[in-house]
1. Residues of region 38-50 being more than 23 Å from PRO107 (Cα to Cα) and either part of a helix (DSSP H, G or I) or hydroxyl-bearing (Ser, Thr, Tyr) (or both), which ones?
2. Of all residues being within 22 Å of VAL142 (Cβ to Cβ) and within 20 Å of the chain's Cα centre (by Cα) in region 75-90, which is modelled with the highest pLDDT? Just the residue, please.
3. Quick check on region 13-22. Is at least one of its residues under 21 Å from LEU111 (Cα atoms), surrounded by 12 or more Cβ atoms within 10 Å (Cβ to Cβ) and at pLDDT below 95?
4. Part of a helix (DSSP H, G or I), charged (D, E, K, R) and under 12 Å from the mean Cα position of the chain (by Cα) - does that describe any residue in region 123-137?
5. Consider GLY62 against the criteria (1) in contact with an Asp or Glu (Cβ under 9 Å, 6 or more places away or on another chain); (2) loosely packed, with under 13 Cβ neighbours inside 10 Å; (3) not hydroxyl-bearing (Ser, Thr, Tyr): it satisfies all of them except one. Which criterion is unmet?
Amino acid sequence: MDVYQIFITHNRPWTAREMLCVALLLAAALFAAGYLFRHQKIKPSQALAGISLLLFLSVVFGSTVFTRMPSKRQFELQPFWSWREVIVNHNRELLKENLLNCILLVPMGILLPILLHRKVTWRQGLLWGLLVSAVIETCQLVFCRGLFEWDDMIHNALGCMAGCWLTNTVVRR
């Protein structure tokens, strides 16, 4: 199954209520960014990064939690179980899923140093990625919208860390 098929199989279209919630969050963020910019508390790049991060996380939470079809509560508590499956059973689909989970939060990692207008250490990037991923995984467990697993949190955190490293390398301050 390719990525598009996985996406449309597990995700329903957004409801009007969900779109309204995102629109209200976006409006509040735009207002806050405009206020902070007018009072010279942030730079335009920070405002743009903040709005971009909010939109990105809305799509991430929408596709990983809120638009998924409800099922039963599922969890896998053994760390690195997916890599054992990949290595021992040569599971290429799980390898693809692991790699996609690694790149899921790379955009967040790219935006964090711009938003904060400073370098973000690899530890901070890892921690931010772990925090956001833990919220996603916990929501999936509580709302029965996917498999709660440590592997996803590790992969997402590594992706966020890589994104921070990339921005820190490209943007010299």
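The values are calculated or read from the model by the stated rules, or taken from the named source; none is laboratory data. These numbers come from a predicted model, not from an experiment. Using ideal geometry, Cβ is built from the backbone for each residue, glycine included, and neighbour counts are taken over all protein chains shown.
1. Within region 38-50, just ARG38 meets the criteria.
2. Among those residues, the one meeting the criterion is SER82.
3. Yes, some residue in region 13-22 is under 21 Å from LEU111 (Cα atoms), surrounded by 12 or more Cβ atoms within 10 Å (Cβ to Cβ) and at pLDDT below 95.
4. yes
5. The failed condition is (2).
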